[in-house]
């Protein structure tokens, strides 16, 4: 670490880790501030939140984990600069007073407390699959405000080193990062159009039955812990089952764990006379059916009403 070029390489690596961390911190901030929509995809939003936290914790820990295994951790760098100061090529630009101030800042009780939670989450939750108490995440919870403090002091350190030793400035621009808000908006626009197309097709189906009284069949389906409802127009129960399968093919992306092979298995069972829905005893126009697939059981209730 005697040469400026060596320090520059080291700082560049830390800068890259900072940038990676800030990218996902920024995603979480945008996700938090995004205005909820009627067409919000909660599963996609949860995926973004989990993935962003995962990468943020892993990347930021590389800087804040005071361990020999983390080659570019900030504590190792500061201690090395202090220990080798008299031999540094750039010691006139970076004094011992400066270095001891950095060391004090990064070891303040507040920063150490946040760092402890960061490393614990990294070691016990995100990087490994240790057996954890159910209250672990609540107890070790780290906030975006705390992450912001870690990023802020790191950013100040990088800026300071670049200014004092290299007489340059590092730009910190938020607008270079992914605009996750616009991504959510595109997803919601797609879902809104998808919903509109379903309504349009539904209304078109209604018009095709002008020759006889329309019958609406409502399917209430429980599958793998989720509940799904849809409606079709059909002449009778048998046709409603066929149309339900057609609707599943269109709406499969909205049903967790449902794929083409599972729909094929359902389609085969529906064509089997032994799997015909059973009319519930003592009730009119309500049937029940169960279907078994490799992905799990479908518990289906079918309710037929006239469109009046």
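The values are calculated or read from the model by the stated rules, or taken from the named source; none is laboratory data. It should be emphasised that the depicted structure is a prediction, and the values quoted were computed from it without experimental measurement. Cβ: placed from backbone, ideal geometry, glycine included. Neighbour counts: every protein chain shown.
Output the residues belonging to the range 279-303 that are farther than 23 Å from residue 225 by Cβ and surrounded by fewer than 12 Cβ atoms within 10 Å (Cβ to Cβ).
281, 282, 283, 284, listed by residue number.
Against the definition (free of Cβ contacts under 8 Å to residues at least 60 places away in the same chain, surrounded by fewer than 16 Cβ atoms within 10 Å (Cβ to Cβ) and closer than 30 Å to residue 181 by Cα), how does residue 12 come out, yes or no?
yes
Within the range 74-102, count every residue that is part of a helix (DSSP H, G or I) and touching a residue at least 24 places away in the same chain (Cβ under 8 Å).
10
Please work out which residue is farthest from residue 306 (Cα to Cα), limiting yourself to the range 228-246 and to residues that are surrounded by fewer than 17 Cβ atoms within 10 Å (Cβ to Cβ) and in contact with a helix residue (DSSP H, G or I) (Cβ under 8 Å, 6 or more places away or on another chain).
Top of the filtered list is 245.
Need the failing condition index for residue 205 against (1) modelled with pLDDT of 90 or more; (2) part of a helix (DSSP H, G or I); (3) touching a strand residue (DSSP E or B) at 6+ places or on another chain (Cβ under 7 Å), just the number.
All conditions pass for residue 205, except number (1).
Counting just the residues of the range 256-285 that are assigned to a loop (DSSP other than H, G, I, E, B) and in contact (Cβ under 8 Å) with a residue 12 or more places away in the chain, which one comes out farthest from the chain's Cα centre (by Cα)?
The qualifying residue farthest from the chain's Cα centre (by Cα) is 285.
Going residue by residue through the range 50-73, is there one that turns out to be out of contact with any strand residue (DSSP E or B) (no Cβ under 9 Å at 6 or more places or on another chain), closer than 19 Å to residue 161 by Cα, modelled with pLDDT of 90 or more and not in a helix (DSSP H, G or I)?
So far as the range 50-73 goes, yes, one or more of its residues are out of contact with any strand residue (DSSP E or B) (no Cβ under 9 Å at 6 or more places or on another chain), closer than 19 Å to residue 161 by Cα, modelled with pLDDT of 90 or more and not in a helix (DSSP H, G or I).
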